Every structure is written in structure tokens, then in C-alpha cells.
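What follows is one structure encoded as C-alpha cells, with my remarks underneath.
The values are calculated or read from the model by the stated rules, or taken from the named source; none is laboratory data. From a predicted model like this one, the values you see are computed outputs, not experimental measurements. Because the Cβ atoms are built from the backbone with ideal geometry, glycine has one as well, and the counts that use them run over all protein chains shown. The area values use the complete protein model at the heavy-atom level, side chains included, leaving out ligands, DNA and RNA. Shrake-Rupley method; radii C 1.70, N 1.55, O 1.52, S 1.80 Å.
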Amino acid sequence: MKTHVKALVVGGGAVGTSIAYHLARAGWEDVMLLERDELTSGSTWHAAGLLPLFNMGYATSHIHDYSVKFYKTLEEETGLNAGFAVVGNLRMAQTDARMDEYMLYASTAETVGIPYEWMTPAQIKARWPLVRTDDLKGAIYHPTDGYINPADVTMAMAKGARQRGVVIERKWQVDGYEWTGSEWRVSLTKMVEKGGNLVPSEETAVVTAEHVVTATGNHAQRTARLLGIKIPAIPVEHQYIVTEPDPALAEWRAAGNPEHPVLRDADAKWYVREERKGWILGPYERGAPACFEYDVPDSFRADLFPLDLDRIEEEYMSMIHRIPTSETVGLKDDFNGPICYTPDGNPLVGPAPGLRNMWLAEGFSFGITAAGGTGYYLAQMMVEGEAEIDMAALDPKRYGSWMTTEYAARKNEECYEHVFILHHPDEEREACRPLRTAPAYDRQKALGAQFGCVNGWERPNYYGPKDAPESFDHDARSFRRGGWWEHAKAEAEAIREGVGLIDATAFTKHLVRGPGATDFLDRFTCNKLPKVGRINLTYALTNAGTTRTEYTLVRLAENEYYCVSAGAWTAYDADYLIKAAEDFMAAGGGYVDIHDVTTQWGVFAIAGPKSRDVLREIVKDAEPDTVLGNKRFPWLSMRNIELGMCPVRAIRVAYTGELGWELHHPIEMQTYLWDQLMEAGEKHGMKLVGARAQNWLRQEKSYRAFGTELGRDATPLEAGLDRFVDLDKEFTGKQAMLETGIRSKCVTLLIDGPANADPWGREALYLGEEKVGRLTSGGYSVAFGKQIGMGYVRPDLAEVGTRLKVRMFRDLFDAEVVEDSPYDPTNAVIRKDG
Ligand SMILES: Cc1cc2nc3c(=O)[nH]c(=O)nc-3n(C[C@H](O)[C@H](O)[C@H](O)COP(=O)(O)OP(=O)(O)OC[C@H]3O[C@@H](n4cnc5c(N)ncnc54)[C@H](O)[C@@H]3O)c2cc1C
């Protein structure tokens with residue numbers, strides 16, 4: 001047993017094995033993998049081995065795409081055949097909405113480069129006559145994926161890893177982690193067989209490692225406890241059944257016909273594939289319970305739960321409906337195993353919260369499909385500093401300290417049940433809500449607010465009718481313009497023409513202060529620091545020069561800053577900020593004190609030409625007529641004002657691009673302030689506005705959003721934010737940013753799209769037949785009366801006036817690159833005095 005390594009991977013399932021392989025392939029010579037039992041003895045052994053390329057997420061699609069390509073190369077490298085049956089994958093649709101979903105997915109597939117084909121019911125019938133098609137609308141077909149033997153592919157990766165120098169030790173369990181300040185001291189116990197169980201022996205060891213990766217599958221809760229962090233990876237029971245041979249299938253195959261592709265009847269919530277002339281049915285049914293919420297018992301090894309046939313009866317019957325010959329075929333085998341989930345279904349891949357050199361790869365529900373790509377991109381992060389794609393959607397810090405075991409378990413059950421439920425882009429799931437509510441929540445709800453959930457917070461997406469039934473928002477969803485669209489349009493118009501009030505309480509807020517605060521932030525962010533009482537938009541970069549966080553930085557005092565960033569990313573932003581400050585101080589910088597004050601401050605944004613008139617009704621000042629005028633309160637400044645009896649930190653910025661203020665207020669006074677604003681607003685026709693309208697409006701101003709235009713795959717210069725980058729100073733990531741150059745460029749496009757739909761920000765952009773970029777945001781512009789989008793294109797196509805096409809619903813629509821900030825390009829409206 002080695003006692004010191006560069007990287008220690010814990011867990012010998014498909015995921016851990018792939019990570020060890022890819023670390024070695026990326027050039028790390030001293031890698032060891034530890035497994036408490038045998039390789040593949042976790043969930044990996046009982047997986048059905050399907051490798052679906054279909055995924056609605058951009059990063060995850062890249063990961064799956066890599067895996068499918070990589071697995072095809074393994075035999076040549078290792079001599080081991082992993083049983084990859086490239087039979088393709090046919091995803092059928094029973095409804096028009098389902099076809100719309102596939103078309104939206106196809107946008108992502110195109111931007112990633114995943115091949116797909118459309119099939120009509122008649123084409124399906126002609127190719128696979130055993131499949132009933134009379135009630136189908138069509139299907140999307142992936143010719144390049146299929147299924148693999150999960151144990152064999154893991155063994156092939158293990159062999160490849162060993163060939164590249166990785167040491168694999170079995171029957172060693174990690175029981176403790178201790179960070180010494182420069183490396184991890186990892187305590188191990190030798191595991192032995194006793195009465196059929198795997199139990200710890202007296203033999204122990206210690207390994208020191210510069211980096212540790214945990215890929216512990218169903219044991220994630222134990223790993224979390226050992227590390228002293230929270231990991232929302234909790235398994236749910238998942239079953240599949242195997243039938244006896246189907247004579248009709250046997251006959252069809254005997255006639256020389258090829259194997260069926262993996263069949264997915266999404267509306268019936270199952271997949272089916274051939275298995276020795278019979279069928280495997282894998283349902284994603286309602287009511288599958290979470291398991292191992294606190295730990296996996298020692299007695300549970302490569303075990304299974306008993307089959308619950310009642311739970312999957314509906315899906316079983318629908319398989320018989322779809323493949324009528326399966327009706328008379330008996331059941332041969334069944335599997336009911338733990339399958340790890342996370343609340344949003346994405347695994348947790350990346351740096352662990354609050355810890356150094358500790359990497360998580362936990363919570364995989366499609367771990368066979370994701371293993372290859374996860375290993376590849378995580379190794380890039382560890383070895384090179386960043387992956388070539390933005391891995392934020394998978395980052396372990398997308399859940400904050402508010403997340404509990406109960407939340408994760410119930411959300412994971414919901415996520416399992418939703419695997420095949422229509423993935424509307426405007427979908428909002430119901431479980432565990434409301435949980436994080438600001439004081440004005442009840443008032444907003446009573447006024448028709450339809451809430452979305454951001455980082456656990458309830459935030460109005462739009463305001464529907466006051467007396468709307470409970471199901472209003474659900475019924476309003478669509479892949480085109482949902483029932484909410486008219487409401488969002490009226491809200492956007494209200495801001496452009498009158499005044500609107502937005503709840504932005506979910507914003508992440510940090511207070512950074514202390515003698516070292518100014519020097520630290522100057523180094524940490526790329527723009528000039530604001531003067532006291534002023535505001536700057538600025539960016540913290542990664543070491544690779546790409547965007548890590550966007551901040552609205554308010555300088556409260558010489559050495560005190562209020563840093564506002566995106567609401568969805570509180571823990572993600574906090575982790576980077578705190579670690580950077582620790583490094584700064586360790587290198588001799590002055591003391592910096594950082595507080596997450598997110599839950600102490602509520603935020604309302606008031607915007608629109610009449611916003612000043614509303615505030616003037618309630619502002620208290622010796623000279624109320626001038627307190628909000630340009631002279632005393634210029635654009636991009638902060639003033640402490642009083643609205644009625646509420647002290648407000650008012651910031652003159654508006655993400656909607658109108659005259660407006662963000663009103664940061666003590667959270668305990670929120671309902672008071674709300675009532676004041678509502679009363680004052682009534683006289684001026686103020687409308688309540690949600691996040692959807694705000695998202696459209698900010699695109700008219702070309703304001704980049706974090707998580708769409710801004711992320712770890714583009715530098716601020718590529719994002720077109722040159723005016724917020726001060727090249728005269730030194731800052732983290734500067735050199736790398738300059739060396740990267742401009743690989744693609746962020747642009748705003750006005751689009752002549754279809755009459756009933758707007759882009760969602762996933763669509764591919766074309767120049768003639770050539771794919772030249774992708775949208776990252778999309779919506780409707782009330783200022784221009786047509787669709788709008790933002791995205792990245794080849795740099796030579798970023799010129800204003802370039803005419804491109806955007807693919808929506810299988811058609812290409814005209815799109816034109818317009819100047820940045822097509823609405824009010826000179827900011828005259830925002831600066832308006834009064
Ligand atoms: C019935 C069923 C069907 C499925 N079908 C598919 C499918 O078709 N396609 C697909 O992509 N996915 C499928 N899955 C999901 C898939 O099985 C998992 O996502 C995948 O196996 C996860 O791999 P892993 O390496 O993360 O975890 P695991 O395979 O569970 O590996 C984790 C390993 O870590 C070890 N370990 C844990 N703690 C320690 C410790 N402290 N010290 C040392 N070792 C430790 C464990 O012993 C285990 O071997 C299915 C799952 C189920 C239940």
C-alpha cells in the first residue's frame with residue numbers, strides 16, 4: 001500500500017474508475033484508487049447499462065457525448081470488450097407537447113454536436129413492426145448510442161488506468177479525512193468478510209494525498225459526515241424487470257433483422273431494450289422511496305430490494321400496449337436497487353464546499369452514461385485548473401447551508417419521478433415548497449404571484465390573475481408561449497412605459513471589510529474599485545481568465561464593500577470569495593472580514609419612467625424634491641435614504657435598463673416597506689413584475705446574466721465586457737484572459753421568429769448551412785415587438801448587421817446581430833433627471 005500519492009480516488013464504481021483513468025491520462029503519475037469492497041460492487045453492478053445521449057442540459061450533454069465516444073475507444077486501448085451495443089435510441093412522443101420537448105432538446109444536441117434524426121410513426125412501424133405506432137406523433141432517434149455492460153466498461157477503465165500507472169487497492173475503506181494545511185491525511189480500515197457481511201477489521205493505514213476525489217455512490221451521506229459538509233446525494237429505489245424470451249421478437253431476429261434500438265416511451269415513463277430475445281422494462285414510476293438517508297448498512301453489499309410490482313403496474317401495462325407481443329411473456333428476473341439522486345438530477349462534480357483540494361463526484365443517477373465525461377472534465381479541472389466547458393451546473397456548491405437531509409430526500413424522490421415528465425423550460429417543481437420565503441411572500445401570493453424557486457427562495461416569476469386556481473401556473477406551461485406570456489408582456493411594458501416593482505430579495509449579498517478589503521478586492525476583481533458611495537459592475541475571474549462571479553460592488557466606506565451577486569449562487573460565490581481572501585491574507589495581505597448577509601437584506605427593485613415619482617411619495621428628507629435627483633443621487637451611486645420609517649440602502653441601478661433603484665432594506669421591515677410602496681405606487685399605476693419580464697428586459701439592454709452569458713467557459717473580453725475590465729491593474733486571471741484571446745464573442749440578436757414561440761436560449765445559430773454559434777438567452781422584446789436573444793458566435797460574425805439564422809422547432813428563422821444595448825444605447829433613459 002502506498003502511503004503518499006498525488007491524488008487519491010475513493011470509490012471503485014464506474015465514476016471513480018473513470019476519474020482515476022483520466023487523471024492518469026491527463027498526466028498525473030501518482031494516482032491511487034481505494035474501494036471498500038470489489039470494483040463495481042456499488043450501484044454500478046446492477047445498472048441496466050443504457051447510455052442515453054438525450055439530456056436537456058448543455059454541460060451534461062457534453063459529458064454524455066464524451067462518454068459515448070470514449071467507451072468506443074476502450075477496447076482498442078485495453079483489449080477488453082465492454083459490450084457496447086450501438087443499437088441507437090428511439091424516443092417516442094404521444095403528444096405534440098412531447099414533440100416540442102424533443103425539438104427543444106434538439107437545439108442543445110445541435111449546439112453540442114450530437115447527431116439525431118426525426119422519425120414519423122410510419123417510419124418507425126416500417127423499421128420495427130413489433131412496436132405499436134397508431135397513437136404516436138413521432139420520435140427522435142439517436143443512431144450513435146445504445147447500451148453497455150456497466151461492470152465490463154468499469155473493468156476496462158480500471159485496466160486502462162492500471163496501464164497508465166494507477167494503483168487500485170480493494171477492501172480498504174476510507175474512515176477519516178484530515179487536512180493538514182498542505183495535504184489530506186486519509187485514514188483507512190481493511191475490510192473483511194464476516195458472515196456474508198463486509199465489516200471493518202483491526203488493520204488500519206494512513207495515506208497522505210495532495211488531492212482527494214470522493215466517488216462513493218450510495219455512501220455519499222457517510223462521506224459528507226466524514227468531511228463535515230452537506231452533500232444532497234441520497235438514493236431512491238429504482239427497479240427494472242427482465243422478461244422471458246418473446247417468441248415474436250425471437251422470430252423477428254431469426255429472420256436476420258437487427259436489434260431494436262433502446263425504446264423510450266416518455267409519456268408512459270419507461271425505457272425498454274432487448275435482452276436475450278426478451279425485454280428489459282425500466283420504469284420511472286411515481287412513489288419510488290428514498291433510501292439510505294443517513295447511511296448504507298454494513299449488511300447491504302451488492303444487494304437488492306424486493307421487487308414492488310404494484311408500483312410499476314401502470315408502466316408494465318403500457319409496455320404491453322406499445323409492444324403487444326410482450327403480453328404473454330413471463331417475468332424472468334427483477335432488479336430493485338438504490339440509484340443516487342440529487343434535488344435537480346445533476347450530479348455533484350467539482351470542488352467541495354469550504355475544503356481545499358477535495359473534489360466531489362457524487363449523486364449520479366445516470367452514472368454509467370456520465371462516468372466517462374465526468375472523469376474527463378473533472379481531470380481537466382484538477383490538472384489544468386478549469387474544464388473546457390462550464391461545470392457550474394454540476395457544482396457541489398449549488399445548494400447552500402439551508403439544505404437538509406429531509407429536503408434532499410423528498411426532492412430526490414420528486415426528481416426521480418420527473419425523469420420522464422415533460423421538461424418545460426418554464427417548469428417549476430412543487431416538492432418542499434415553500435421553504436425559503438421573504439416576509440412579503442404572503443402579500444405577493446395574495447396578489448396573484450406565481451413563484452419560481454431560486455436556491456430554495458420563492459421568487460415571483462410573474463403575476464397571474466388574483467383568483468387563479470392552484471394549478472394556474474402548471475397549466476400555463478408550454479414549450480412555446482405559455483399562458484403566462486401575456487402577463488409577462490404586460491409587466492415588461494409597464495416598466496418601459498410606467499413603473500414596476502420587482503422582488504429581488506434572493507440576490508446574494510456579502511459584506512467585505514477590514515484593513516485588507518480594498519487591496520484584496522482590487523486584486524480579486526477586474527474593474528476599477530468604486531469610490532465611496534459609488535457602484536461598479538465587476539467580475540471575479542478564474543485562474544484561467546474566465547468569469548467566476550459577477551458583482552455589483554457598492555463601496556460603503558474606505559475599507560467596506562457590499563457585494564451583490566446572483567441569487568442562485570450564494571454558496572458557490574461565498575466559497576470562491578472566502579478561499580481567495582484566505583489566500584490573500586496567507587500571502588501577507590491585510591485582514592479581510594467576509595460575511596454572507598444575504599438573509600439580512602431584502603431587495604425590491606423599482607423601475608420605469610415613473611419610479612422616481614413613486615419614491616418621492618414616501619421618501620423622508622429635508623429636501624424631498626432633490627434627494628432622488630441626479631445631483632444628489634446620480635446613476636451608479638448608493639445613498640442611505642428613508643422611505644417612511646424604513647432605512648433603505650438605495651442603489652441607483654436597474655437591471656431592466658430603466659430609470660430605477662434597488663431598495664436594499666432590513667428584512668424585518670420588508671412588509672412595512674412593501675405596504676408603503678404599494679400605496680404610493682397605486683397613484684402612479686405601478687405594476688408588480690416578475691423575473692420573466694425582467695429577463696426579457698435585460699436582454700434589450702444586452703445585460704449579460706450569470707449562468708447564461710457569463711460562466712467559466714468565456715472570458716469577460718469574449719463576453720464583450722471590455723469596459724468593465726481595467727487592463728492597467730493586476731488582477732487574478734488577467735494574464736490567462738489575455739492569452740486566451742477571443743474564441744467566440746457575445747452578441748445580441750433580434751429575431752424574426754415564429755408567431756407563437758420565443759427562443760429559450762439553447763438554440764443553434766447558423767450562417768447558411770454552417771453552425772456558427774449558440775444562443776444562451778432568449779425571449780420577447782416589447783421594445784422591438786419581436787424575439788430577442790443573446791449568445792456566442794464566431795468572432796468574425798459579431799459585427800453589427802450580420803445576418804444569421806436561428807433554429808427553432810426544426811425551422812430556421814432570420815436573426816440579425818444588433819448593437820449592444822439596442823434599447824436606449826446611450827443610457828439616456830437610465831440617467832434621466834427629475
Ligand atoms: C436498477 C438500476 C438501473 C440503472 N440503470 C442505469 C443505466 O441504464 N444507465 C446509467 O447510466 N445508469 C444507470 N443506473 C445508475 C448507475 O448505476 C449509477 O449512476 C452508477 O453506477 C453510479 O456509479 P458510481 O461510481 O457513482 O457509484 P457506485 O457504483 O455505487 O460506486 C461507489 C463505490 O464507492 C465505494 N465506496 C463508498 N464509500 C467508500 C469508502 N469510504 N471507502 C472506499 N470505498 C467506498 C462503494 O463500495 C462503491 O463501490 C442504474 C441504477 C439502478 C439502481
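How many residues does segment 100-144 contain that are among the polar types (S, T, N, Q) and within 16 Å of the ligand (Cβ to nearest atom)? Show your work before the answer.
Filtering segment 100-144 down to residues among the polar types (S, T, N, Q) leaves 107-108, 111, 120, 123, 133, 144.
Checking which are within 16 Å of the ligand (Cβ to nearest atom) leaves us with 144.
Final tally of qualifying residues: 1.
What number of residues within segment 301-328 satisfy the criterion of being open to solvent by less than 60 Å² (accessible area, probe 1.4 Å) and in contact with a helix residue (DSSP H, G or I) (Cβ under 8 Å, 6 or more places away or on another chain)?
Qualifying residue count, segment 301-328: 8.
Would you check which residues across segment 472-486 are open to solvent by 50 Å² or more (accessible area, probe 1.4 Å) and either more than 14 Å from Asp426 (Cβ to Cβ) or more than 24 Å from the chain's Cα centre (by Cα) (or both) and list them?
Start the filter on segment 472-486 by keeping residues that are open to solvent by 50 Å² or more (accessible area, probe 1.4 Å), which leaves 474-475, 480-481, 486.
Hits for segment 472-486 are Asp475, Glu486.
Return a yes/no flag: does segment 394-410 have any residue that is within 16 Å of the ligand (Cβ to nearest atom) and aromatic (Phe, Trp, Tyr).
No, that holds for no residue.
Pick from segment 176-235 the residues that are aromatic (Phe, Trp, Tyr) and surrounded by 17 or more Cβ atoms within 10 Å (Cβ to Cβ): which of them is nearest to the ligand (Cβ to nearest atom)?
Checking each candidate, the answer is Tyr177.
For Glu413, which of the numbered conditions (1) open to solvent by 30 Å² or more (accessible area, probe 1.4 Å); (2) farther than 26 Å from Trp569 by Cβ; (3) assigned to a helix (DSSP H, G or I) fails to hold?
Result: Glu413 passes all but (2).
Within segment 806-826, does at least one residue satisfy the condition of being hydroxyl-bearing (Ser, Thr, Tyr), exposed (fewer than 13 other Cβ atoms within 10 Å of the Cβ), at pLDDT 95 or above and more than 16 Å from Gln699 (Cβ to Cβ)?
Narrowing segment 806-826 to residues hydroxyl-bearing (Ser, Thr, Tyr): 821, 823, 826.
From what is left, the residues that are exposed (fewer than 13 other Cβ atoms within 10 Å of the Cβ) are 826.
If we keep only those that are at pLDDT 95 or above too, we end up with 826.
From what is left, the residues that are more than 16 Å from Gln699 (Cβ to Cβ) are 826.
Scanning segment 806-826, I find at least one residue that is hydroxyl-bearing (Ser, Thr, Tyr), exposed (fewer than 13 other Cβ atoms within 10 Å of the Cβ), at pLDDT 95 or above and more than 16 Å from Gln699 (Cβ to Cβ), so the answer is yes.
Out of segment 336-362, which residues are open to solvent by 10 Å² or more (accessible area, probe 1.4 Å) and part of a strand (DSSP E or B)?
Across segment 336-362, the qualifying residues are Ile339, Pro351, Trp359.
Would you say Met1 is surrounded by fewer than 24 Cβ atoms within 10 Å (Cβ to Cβ), under 20 Å from Gly363 (Cβ atoms) and away from the ligand (no atom under 11 Å from the Cβ)?
On the way: surrounded by fewer than 24 Cβ atoms within 10 Å (Cβ to Cβ): yes; under 20 Å from Gly363 (Cβ atoms): no; away from the ligand (no atom under 11 Å from the Cβ): yes.
So Met1 fails the test.
Are any of the residues in segment 565-587 without any contact (Cβ under 8 Å) to a residue 24 or more places away in the chain, outside any helix (DSSP H, G or I) and open to solvent by 10 Å² or more (accessible area, probe 1.4 Å)?
Within segment 565-587, one or more residues are without any contact (Cβ under 8 Å) to a residue 24 or more places away in the chain, outside any helix (DSSP H, G or I) and open to solvent by 10 Å² or more (accessible area, probe 1.4 Å).
Checking Leu812 against (1) within 21 Å of Gly720 (Cα to Cα); (2) of a type in the set (A, V, I, L, M); (3) not in a loop (DSSP other than H, G, I, E, B), only one condition comes out false. Which one?
Checking Leu812 against (1) within 21 Å of Gly720 (Cα to Cα); (2) of a type in the set (A, V, I, L, M); (3) not in a loop (DSSP other than H, G, I, E, B), the one that fails is (1).
Can you spot a residue in segment 472-482 that is acidic (Asp, Glu) and more than 23 Å from Ala607 (Cα to Cα)? I'd like the intermediate steps shown before the answer.
Taking segment 472-482 and keeping what is acidic (Asp, Glu), we get 473, 475.
Filter again for more than 23 Å from Ala607 (Cα to Cα), leaving 473, 475.
Among the residues of segment 472-482, at least one is acidic (Asp, Glu) and more than 23 Å from Ala607 (Cα to Cα), which makes the answer yes.
Somewhere in segment 273-280, is a residue acidic (Asp, Glu) and either within 15 Å of the ligand (Cβ to nearest atom) or in contact (Cβ under 8 Å) with a residue 40 or more places away in the chain (or both)? Break it down stepwise before answering.
Going residue by residue through segment 273-280, those that are acidic (Asp, Glu) are 274-275.
Within this subset, residues satisfying the condition of being either within 15 Å of the ligand (Cβ to nearest atom) or in contact (Cβ under 8 Å) with a residue 40 or more places away in the chain (or both) are 274-275.
Checked against the condition, which is being acidic (Asp, Glu) and either within 15 Å of the ligand (Cβ to nearest atom) or in contact (Cβ under 8 Å) with a residue 40 or more places away in the chain (or both), segment 273-280 yields at least one hit.
Can you work out which of the residues in segment 28-46 that are open to solvent by 30 Å² or more (accessible area, probe 1.4 Å) and in contact with a Pro (Cβ under 8 Å, 6 or more places away or on another chain) is nearest to the ligand (Cβ to nearest atom)?
Across segment 28-46, the extreme among qualifying residues is Ser43.
Restricting to segment 276-301, what's the tally of residues that are in contact with a Ser or Thr (Cβ under 6 Å, 6 or more places away or on another chain) and closer than 24 Å to Pro52 by Cβ?
Quick first cut of segment 276-301, residues in contact with a Ser or Thr (Cβ under 6 Å, 6 or more places away or on another chain) only: 278-279, 293.
Then keep just the ones that are closer than 24 Å to Pro52 by Cβ; that gives 278-279.
So the count comes out to 2.
Quick one: count up the residues across segment 145-175 that are open to solvent by 20 Å² or more (accessible area, probe 1.4 Å), assigned to a helix (DSSP H, G or I) and away from the ligand (no atom under 14 Å from the Cβ).
Residues meeting the conditions: 3.
Of the residues Val9, Val15, Val87, Val68, only one is within 15 Å of the ligand (Cβ to nearest atom), open to solvent by 10 Å² or more (accessible area, probe 1.4 Å) and either basic (Lys, Arg) or closer than 18 Å to Thr374 by Cβ (or both); which?
Working: Val9 fails: open to solvent by 10 Å² or more (accessible area, probe 1.4 Å); Val87 fails: either basic (Lys, Arg) or closer than 18 Å to Thr374 by Cβ (or both); Val68 fails: open to solvent by 10 Å² or more (accessible area, probe 1.4 Å).
Answer to the selection: Val15.
Check Ser401 against each of (1) open to solvent by less than 50 Å² (accessible area, probe 1.4 Å); (2) in contact (Cβ under 8 Å) with a residue 60 or more places away in the chain; (3) among the small types (Gly, Ala, Ser) and name the one condition it does not meet.
Status for Ser401: all satisfied but (1).
Select, from Val818, Val806, the only residue that is under 27 Å from the mean Cα position of the chain (by Cα) and at negative phi. Even if it seems obvious, please write down each step before you answer.
On the way: Val818 fails: under 27 Å from the mean Cα position of the chain (by Cα).
Result: Val806 is the single residue among Val818, Val806 that is under 27 Å from the mean Cα position of the chain (by Cα) and at negative phi.
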